[in-house]
Amino acid sequence: MRTINLIVIHCSATRADRDFTEDDLEVCHRRRGFNGTGYHFYIRKNGDIKTTREIERIGAHAKGHNQNSIGICYEGGLDANGCIADTRTAAQKDAMFWLIINLHHRFPDIKVILGHRDLPGVQKACPCFDATKLQPLLEV
């Protein structure tokens with residue numbers, strides 16, 4: 001089993017007024033040359049948590065940080081006009097909190113939560129909110 005000490009939060013960079021399923025995500029990642037979805041979990045707008053890659057498999061979501069991280073992506077990140085926004089629904093926020101707490105209990109070496117944009121050299125807005133504010137969930 002690999003050592004996991006980081007959670008990286010992502011958004012699908014899709015409009016909140018349109019559905020983007022885990023199957024759509026899979027197709028998108030395969031078109032980009034990945035061997036399946038790069039994130040370990042995908043949170044739909046209704047709060048459903050989809051496992052999209054086994055935790056045992058190294059992710060393909062955060063270059064230089066995949067070996068030691070778990071990638072969580074939420075559906076959305078763009079408002080109805082296509083502008084960057086924190087579009088997480090209440091159900092998505094609850095699911096994300098629950099998932100982070102449970103992952104930390106399973107992997108107590110997780111010490112840091114970052115957004116994709118917080119990684120060195122990343123020039124993206126993803127996940128379109130300050131994911132570092134989720135850090136207190138590692139103390140629950």
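The values are calculated or read from the model by the stated rules, or taken from the named source; none is laboratory data. Just so you know, these numbers come straight off a predicted model, no measurement behind them. Methodologically, a virtual Cβ is constructed for each residue, glycine included, from the backbone with ideal geometry; neighbour enumeration extends over all protein chains shown. All accessible areas refer to the heavy atoms of the entire protein, side chains included, with ligands and DNA or RNA removed. Shrake-Rupley method; radii C 1.70, N 1.55, O 1.52, S 1.80 Å.
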Run the helix sum for the chain: -39,500 (n - 2.57) per DSSP H stretch of 4+ residues, divided by residue count, reported at 222 nm to the nearest 500 deg cm²/dmol.
-6000 deg cm²/dmol
If I model a spin label at residue 109 and residue 56 as a point 7 Å from the Cα along the Cα→Cβ vector, what separation in nanometres do I get?
1.7 nm
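What percentage of the solvent-accessible surface of the chain, computed with a 1.4 Å probe over protein heavy atoms, is contributed by carbon and sulfur atoms?
On the way: 3550 of 7050 Å².
Carbon with sulfur: 50 percent of the solvent-accessible area.
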Range of Cα positions in the stretch 60-140 per principal axis (Å), largest first:
40, 30, 20
Please report the base-10 log of the normalised intensity I(q)/I(0) for the chain, using a Debye sum with one equal scatterer per alpha carbon and no solvent, at each q in 0.10, 0.14 (1/Å).
-0.28, -0.58
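With +1 on each Lys and Arg Cβ and -1 on each Asp and Glu Cβ, and nothing else charged, work out how big the dipole of the chain is about its Cα centre, in Debye to the nearest 20.
On the way: 19 positive and 17 negative charges, 74 e Å.
The calculated dipole for the chain is roughly 360 debye.
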Length gained when the stretch residue 132-residue 28 is fully extended (0.36 nm per residue, less Cα-Cα span):
34.8 nm
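What is the antiparallel percent of DSSP beta bridges lying wholly in the chain, to the nearest 5?
Details: 4 of 19 bridges.
That works out to approximately 20 percent antiparallel.
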The answer for residue 73, listing residues at least 5 apart or on another chain whose modeled amide H is closer than 5 Å to its amide H, is 10, 41, 42, 43
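State to the nearest 20 debye the size of the charge dipole of the stretch 89-140 about its Cα centre, where the only charges are +1 on K and R beta carbons and -1 on D and E beta carbons. Could you put the intermediate results ahead of the total?
Details: 6 positive and 5 negative charges, 24 e Å.
With only Lys, Arg, Asp and Glu charged at Cβ, the dipole is about 120 debye.
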